[in-house]
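Working notes for the structure below.
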Amino acid sequence: ALAAFAQNRFQPSDRLRVTPGLRLEYFRYDRHILRTRVRREVRDSTGAVIGVTRVPEDVNIRNGDGLFEVIPGVGVSWFASDRASFFVGVHRGFAPPRVKDALIYEDDTLPPGARVGDPVSLHLDAERSWNLELGTRSQPLAGVFLEATLFYLDFSNQIIEPSLSSGSVAQAAHANQGETE
C-alpha cells in the first residue's frame with residue numbers, strides 16, 4: 001500500500017477554523033496459497049466415481065488485484081467561547097477488501113490428478129461511504145468536560161459477509177451489496 005495526504009488549517013477568524021484534507025491511496029494485494037483442502041473424485045478400478053474426498057494438498061496457486069482511491073474530507077470548528085465549541089465534519093470513508101475475501105479458491109470437485117486452479121478475484125470494490133459528524137465540546141466547570149457527537153454513515157458500497165446462520169456455506173463469497181445507512 002502507498003498513501004499520501006495533505007491538509008491545511010485555515011483560520012478566517014479567532015473563532016473559526018476550517019481544515020480541508022485529501023488522501024490518496026494505492027492498494028495492491030496478492031494471495032499465494034501453498035496448502036489447502038482439495039475436493040477430489042474417488043474412482044473405482046473401472047473409472048466410475050464412487051465418492052468425493054476433501055484432504056489437504058500442497059498447491060501453488062496465486063492471484064492479485066489492486067485499487068486506487070482519492071479520499072477527501074473537511075472539518076469546521078467554531079469556538080463560541082473559551083469553554084464551548086461546535087464542530088462539523090464531512091469525510092469520505094474507504095476500506096479495501098480483505099485479501100482472503102477478495103481472492104478465493106473455487107472449491108470445485110476435481111478428477112484425480114487434475115491441477116488446482118488459481119484463486120479467482122471476486123472483483124470486490126472497496127467499501128466507500130460519506131461520513132458526517134456534528135458535535136459540541138464544553139467545559140462548564142473546572143475539571144468537568146462534556147462532549148457529544150452525532151454520526152451518520154452513508155455507504156455507497158458495503159461488502160457483506162455471507163451469514164452461516166442463514167444457511168450460507170463456508171466457501172460462500174462476499175459480495176458488493178451497495179447502499180447502506
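The values are calculated or read from the model by the stated rules, or taken from the named source; none is laboratory data. It should be emphasised that the depicted structure is a prediction, and the values quoted were computed from it without experimental measurement. Don't worry about glycine lacking a Cβ; one is built from the backbone with ideal geometry, like all the others, and counts go over all protein chains shown. Calculation scope for accessible area: heavy atoms of the full protein, side chains included, ligands and nucleic acids excluded. Shrake-Rupley method; radii C 1.70, N 1.55, O 1.52, S 1.80 Å.
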Which residue pairs have Cβ atoms closer than 7 Å, lie 6 or more positions apart in sequence or on different chains, and pair a first residue in the range 141-156 that is of a type in the set (Asp, Glu) with a second residue that is open to solvent by less than 90 Å² (accessible area, probe 1.4 Å)?
-> Glu147/Gly135; Asp154/Ser129
Subset of the range 47-70, residues over 19 Å from Thr109 (Cα atoms) and modelled with pLDDT of 85 or more, comes to Phe68, Glu69, Val70
In the range 1-18, residue farthest from Gly64 (Cα to Cα) [restricted to those that are open to solvent by less than 60 Å² (accessible area, probe 1.4 Å) and of a type in the set (A, V, I, L, M)] | Leu16
Based on what the data block shows, is Gly66 closer than 30 Å to Arg9 by Cα and either hydrophobic (A, V, I, L, M, F, W, C) or surrounded by 11 or more Cβ atoms within 10 Å (Cβ to Cβ) (or both)?
-> no
If we keep just the residues of the range 29-59 that are of a type in the set (Ser, Thr, Tyr) and within 29 Å of the chain's Cα centre (by Cα), which is surrounded by the most Cβ atoms within 10 Å (Cβ to Cβ)?
-> Tyr29
Number of positions in the range 132-141 that are out of contact with any Asp or Glu (no Cβ under 6 Å at 6 or more places or on another chain) and open to solvent by 90 Å² or more (accessible area, probe 1.4 Å) | 2
Is at least one residue of the range 19-28 of a type outside the set (Gly, Ala, Ser), open to solvent by less than 50 Å² (accessible area, probe 1.4 Å), closer than 24 Å to Asp118 by Cα and touching a Pro at 6+ places or on another chain (Cβ under 6 Å)?
-> yes
Residue list for the range 103-118, restricted to those being surrounded by 15 or more Cβ atoms within 10 Å (Cβ to Cβ) and at pLDDT 70 or above | Leu110, Val116, Asp118
